[in-house]
Structures are given as structure tokens and as C-alpha cells.
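S.K.: My questions all concern the structure below.
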Amino acid sequence: MCGILAVFGCVDCSQAKRARIIELSRRLRHRGPDWSGLHSEEDCYLAHQRLAIVDPASGDQPLYNEDKSIIVTVNGEIYNHKALKEQLKSHTFNTGSDCEVIAHLYEEYGEDFVHMLDGMFSFVLLDKRDKSYIAARDAIGITPLYIGWGLDGSVWFASEMKALSDDCEQFMSFLPGHIYSSKSGGLRRWYNPTWYSERVPSTPYDPLVLRNAFEKAVVKRLMTDVPFGVLLSGGLDSSLVAAVASRHLIDSEAYCQWGSQLHTFCVGLKGSPDLVAAREVADYLKTRHHEFYFTVQEGIDAIEEVIYHIETYDVTTIRASTPMFLMSRKIKSLGVKMVLSGEGSDEIFGGYLYFHKAPNKEEFHEETCRKIKALHLYDCLRANKSTSAWGLEARVPFLDKEFIDVAMSIDPEWKMIQRYIGRIEKWVLRNAFDDEEKPYLPKHILYRQKEQFSDGVGYSWIDGLKDHANKQVTDSMLANANFVYPENTPVTKEPYYYRTIFEKFFPKNAARLTVPGGPSVACSTAKAVEWDASWSKNFDPSGRAALGVHEAAYKDTK
């Protein structure tokens, strides 16, 4: 992942302003420690902090078209860049960067090209010919992007809030699947898949179609010129990513440079469920496995730094980001710069344990749609920012556009949890990879119960966080929470504790509003809380809050 910062319409175009842009761009250097670039054009600035994954030697940014009339700064990876270059044979490419294709596509097609990109990306592009500019974010919001407005009329874009929050009067998260055009002065959605309407699909389930779509998604993400691996928790999703990557590695471009043995990584408290399961999967797949341990105290000590980097006070996100943040530092120390990860599957297939209580297929499907649309505020934010904090890039094959189209077209009756006929959560995915002749995974791993990452690293992690928060927040502080924090008021001491840290780094009201709120049980949306009356007594995002479903559920408080 890289860091981008772009500013348009500055009244002050002095050397001091240029120095300020450079200073703000440095706040993103953790995202891209390999090179810094800046293009200034009268009252416009495009800055870039590069993490070199593809073409490390010549792909420095900003990038240009042939006559340098088009300038672009990009954070992301364009997996179909070679196919797109075949459509642009009249153009001359200056680098081997996968992102340079964006400048030439704009030159060829104008603003209506973003749908042609297959990848994860946020970019800002300046057209010097008429001083217009556009910004766009990938379909799901895998890469972060913020938009802000200065008092001088300037418009700002940045990969992280910390690069623009001090200089903008208002700012917000840039909506996924949208493009901003200076010509129209607003955002419009470029990503318009069938599932977005939330209409219930009726395509019959075909396990081979689903399997082939996922394998294709994994293989295209093996595009790299640097060492890489897979984050392996031992749960279904990360294990499938590792199994498919391991099976296809020998046929990939990465094999020529890095060999056929896949590296896998896991983190947890000693003796945690994830460590045990991940080791078993790694042994089965014969990967080069790396286990990292942390203590509850080490996690607590990192909380402030984690919140600074991930820019949220959401409880689930902080719980899960902390071990991922600690693991990413260890991975980067080994010289690895890119990892594959399993985010997105639970949202697409209804894998969270609260989906056991979905009353019918219509509500099941609508909830999966809501969850996918909100991924940029939760798991995508966590996976991107907790890894990028150490200059590590996370790629997420479950959020491949084509794979989502296939998975979300399946009649949701097939996704419904029906334990009386042996269908547990994500059965359609498990069944698709249940190959008797050439098994991808051991059966008991393929059918392991869903374990949220913040639980799987060790149940005492969440319990330790709660105990620590209870010591930091007094009863009187919590009693007055609605006066101190009228927006998204914390109702227990743990979210109150996180909120105080967040406000220290990001005190503006605009920053508070970038974080979603509302009741949640086991990562549900507020709407799904209505599925079970008992959940209203225990608002906790842990999977153990799914009373009567999780094997280690909390006690019912009734």
C-alpha cells in the first residue's frame, strides 16, 4: 500500500505551502517507505509515498502520460494492467508500473474508464490541459481514501485522515465505488453491480463455478516483484486462501522469483485456538510457517498507536487490529512486503454466527448486502491500515469484483444456516472446496466453526481489554458519557476508553462522524439485532455474544 495526498485550488501557492504539503505527506510515510514524490502545478499538489511491489526500480510516482499533461498518484494494484495495455497499443508507457495504465486510460476514454480497472485502488488524477481533476476509489473500499474541504476553497484527498484533518474544515470518508469530478463538483457511483439493489437473486448454487471464481481471484493476486506470504489464522477463509495460493504458486509469475514454498503467518496468545489450527493447516499444505506470540499486556501497550494508525474508535476493529498490527511488524522484519488475507468472506456468505438467527432468505441476503457495503468502515479499514502501519500490503481475494458477482448471485436459500441437514455457516463455500479426490484442506478445518479474529487469537485478549478499560474509566465518567460524547455515545467502559484516545489524535467533529455507530451483536448491523430479543441485553461485537450459537458463548444475562 502507498500513501497519497492531493490538494487543488490552494490560495497560497508559496514555498511555505509546498513545504506544508511535504510535511503532511510525511504523515503517510509508514504506508510507503520506499520513495517520496511530489508534483506541483500552480495551485495543485499531488504527493505520493511509495511502497514498491510491482516494478520497484522504475515505478516511482506520481505517474504521467507521454507528454506529462496527465498526472496521477495511485494507491493500489491493478491486476489486469497487462490486458489493458493491450487495448492501449498506441500509447507509450514510461514504466513497468501496473498503475501507469490509469493515466493512459483517462487520455483515451476520459472520466468513464474506472469500471475497466480490476484491482484495489484509490487515485487522484490531474488533467493539465483544462486544470480539471478526478478522484476514485475501488468498488468495495479495500484501499482507504478521504476527501476534505479547506476554508480557502481548496479540495483535499488523502489515504488517511491524519494527512488532512488539521488543514480541512470538513472531511469525510470517500465513498467506495465512487468517482469525484471537479467538472461536476460532486461524487457519483461508478460501481453498479446487480446485488447493490439488494433484490433477492435466484441463480442455482453451482459449487464448481464458485470454486473456479475464487481460485481465479487468488491467482491474479500473486502478481508481485517482492517477497510475499499469506496470513493464516487456521479458520476457513484464510486456510482456503493459503490452500489455493499454495496449489497455484508453481504456475505463477511469483514462482520464478520466490520459489514454490509458500510462507504463512499467524499471531496469537500462546495456546490460542488460531495458533493450533494454523499450525495444522500449514503442516498439511507444507508451507514455511511463522508463528508470532503476544501477551495481553503487549497488546494493551500498543492500543494508542493502533488507534492512531487505524483512525477509528470502533470496538471490534480495535480488538482485531491490535494483534494484526503487532504481527505486521514481525512480518515486515522478515523482508516480506505483501500478504494475502481472508477478509470479506463472512460478509458475502453470512459467516458471522448471528446469521444463524436470520428469519428468512430475504433478510439474510439484505444483511449480506448491508455488510458488504459497510466493509470499508470495518474489516477493509482494519486489514489495510494495521498492515500499512509497517509498510506491508494486504490483498483480499474474497473481495474480487468478479467473485463477488458470482457469490452474490446465488439464491440465498443455499446460504441459510440449516443445522438439521448439516449446513453450518458458509456451507456453500465449504462444500465448493470439499474435494474427496484432491482435498484442499482437512475436513475438520474445512468445517471448523467461525471464529472472529479478535476471539481466535485467544479469548483472554478481549477479557484483558475489558479489565484494562474498567480500570481507566470511572463509573462517573461513564454516567456522563452522553454529555461528553453526544455522537455515538459509548455505553460501556471499553468503547469509552477507546474514544478518549481517538479524540486525543482526532479532536474535530468531522473525524468523529467518520466512525459508524449503532447497536451490534457478534458484528451484526443494527437491523439484524432485531432477529433475537435476547441480543438487546448484550451488545458486544464478539462472536461469543451470539448466545446459543457459539460453542464458547457468554452466559445469558436474563
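The values are calculated or read from the model by the stated rules, or taken from the named source; none is laboratory data. For clarity, every value in this text was computed on a predicted model and none was experimentally measured. Cβ atoms come from the backbone with ideal geometry, glycine included; neighbour counts cover every protein chain shown. Accessible surface is based on the protein model in full, side chains and every heavy atom, while ligands, DNA and RNA are left aside. Shrake-Rupley method; radii C 1.70, N 1.55, O 1.52, S 1.80 Å.
S.K.: Working only within segment 188-209, note down all residues that are of a type outside the set (Gly, Ala, Ser) and free of Cβ contacts under 8 Å to residues at least 40 places away in the same chain. Please lay out each step first, then the result.
M.R.: Going residue by residue through segment 188-209, those that are of a type outside the set (Gly, Ala, Ser) are 188-196, 198-201, 203-209.
The answer is 188, 189, 192, 199, 206.
S.K.: Can I ask one more? Looking at segment 257-304, which of the residues that are charged (D, E, K, R), part of a helix (DSSP H, G or I) and touching a residue at least 40 places away in the same chain (Cβ under 8 Å) is least open to solvent (accessible area, probe 1.4 Å)? Even if it seems obvious, please write down each step before you answer.
M.R.: Keep residues of segment 257-304 that are charged (D, E, K, R), which gives 270, 274, 279-280, 283, 286, 288, 291, 298, 301, 304.
This time we only want the ones that are part of a helix (DSSP H, G or I), so: 274, 279-280, 283, 298, 301, 304.
From the residues that got through so far, the ones that are touching a residue at least 40 places away in the same chain (Cβ under 8 Å) too are 274, 279-280, 304.
Working: 274: 4, 279: 87, 280: 72, 304: 78 Å².
My answer is 274.
S.K.: Go through (1) touching an Asp or Glu at 6+ places or on another chain (Cβ under 8 Å); (2) in a helix (DSSP H, G or I); (3) at pLDDT 95 or above for residue 468 and report which single condition fails.
M.R.: With (1) touching an Asp or Glu at 6+ places or on another chain (Cβ under 8 Å); (2) in a helix (DSSP H, G or I); (3) at pLDDT 95 or above applied to residue 468, the lone miss is (1).
S.K.: Take the residues of segment 140-153 that are buried (at least 24 other Cβ atoms within 10 Å of the Cβ) and among the hydrophobic types (A, V, I, L, M, F, W, C): which is nearest to the chain's Cα centre (by Cα)?
M.R.: 142
S.K.: Determine whether residue 137 is open to solvent by 20 Å² or more (accessible area, probe 1.4 Å) and modelled with pLDDT of 95 or more.
M.R.: no
S.K.: Report yes if residue 415 is among the basic types (Lys, Arg), open to solvent by less than 10 Å² (accessible area, probe 1.4 Å) and under 28 Å from residue 304 (Cβ atoms), otherwise no. First the steps, then the outcome.
M.R.: On the way: among the basic types (Lys, Arg): yes; open to solvent by less than 10 Å² (accessible area, probe 1.4 Å): yes; under 28 Å from residue 304 (Cβ atoms): no.
The answer is no for residue 415.
S.K.: Failed condition for residue 533, given (1) open to solvent by 70 Å² or more (accessible area, probe 1.4 Å); (2) in contact (Cβ under 8 Å) with a residue 40 or more places away in the chain; (3) aliphatic (A, V, I, L, M), with all others met?
M.R.: Tallying (1) open to solvent by 70 Å² or more (accessible area, probe 1.4 Å); (2) in contact (Cβ under 8 Å) with a residue 40 or more places away in the chain; (3) aliphatic (A, V, I, L, M), residue 533 fails exactly one: (2).
S.K.: Which is of a type in the set (Val, Ile, Thr) and either crowded, with 17+ Cβ neighbours inside 10 Å or touching a Gly at 6+ places or on another chain (Cβ under 6 Å) (or both), of 102, 22?
M.R.: After applying the criteria, what remains is 102.
S.K.: Six or more apart or on different chains, Cβ under 6 Å: which pairs go from a residue in segment 115-134 that's small (Gly, Ala, Ser) to one that's open to solvent by less than 10 Å² (accessible area, probe 1.4 Å) and in a loop (DSSP other than H, G, I, E, B)? Could you list them?
M.R.: What qualifies is 122/143; 122/145.
S.K.: With respect to residue 159, is the statement that it is polar (S, T, N, Q) and over 28 Å from residue 408 (Cα atoms) true?
M.R.: On the way: polar (S, T, N, Q): yes; over 28 Å from residue 408 (Cα atoms): yes.
So residue 159 fits the description; yes.
S.K.: Same structure, new question: Kindly check whether there is at least one residue in segment 199-209 that is closer than 28 Å to residue 430 by Cβ, surrounded by fewer than 19 Cβ atoms within 10 Å (Cβ to Cβ) and touching a Ser or Thr at 6+ places or on another chain (Cβ under 8 Å).
M.R.: Yes: segment 199-209 contains one or more residues that are closer than 28 Å to residue 430 by Cβ, surrounded by fewer than 19 Cβ atoms within 10 Å (Cβ to Cβ) and touching a Ser or Thr at 6+ places or on another chain (Cβ under 8 Å).
S.K.: Sticking with this structure for a sec: Could you tell me whether any residue of segment 221-239 is among the basic types (Lys, Arg) and open to solvent by 20 Å² or more (accessible area, probe 1.4 Å)?
M.R.: no
S.K.: Please specify each residue of segment 117-134 satisfying the condition of being over 12 Å from residue 8 (Cα atoms), in a strand (DSSP E or B) and open to solvent by 10 Å² or more (accessible area, probe 1.4 Å).
M.R.: Hit for segment 117-134 is 119, nothing else.
S.K.: Could you look through segment 67-92, keep only residues that are among the aliphatic types (A, V, I, L, M) and in contact with a strand residue (DSSP E or B) (Cβ under 9 Å, 6 or more places away or on another chain), and pick out the one that is surrounded by the fewest Cβ atoms within 10 Å (Cβ to Cβ)? Steps first, answer last, please.
M.R.: Taking segment 67-92 first, the residues among the aliphatic types (A, V, I, L, M) are 70-72, 74, 78, 83-84, 88.
Retained after the next criterion (residues that are in contact with a strand residue (DSSP E or B) (Cβ under 9 Å, 6 or more places away or on another chain)): 70-72, 74, 78, 84.
Numbers: 70: 21, 71: 22, 72: 29, 74: 29, 78: 26, 84: 19.
Out of the qualifying residues, it is 84.
S.K.: So, one more: Counting only residues that are crowded, with 23+ Cβ neighbours inside 10 Å and assigned to a helix (DSSP H, G or I), which one in segment 347-356 is modelled with the lowest pLDDT?
M.R.: Of segment 347-356, the ones crowded, with 23+ Cβ neighbours inside 10 Å are 347-355.
Applying the additional criterion that residues be assigned to a helix (DSSP H, G or I) yields 347-349, 353-355.
On the way: 347: 97, 348: 98, 349: 98, 353: 89, 354: 92, 355: 93.
Looking at residues that are crowded, with 23+ Cβ neighbours inside 10 Å and assigned to a helix (DSSP H, G or I), I get 353.
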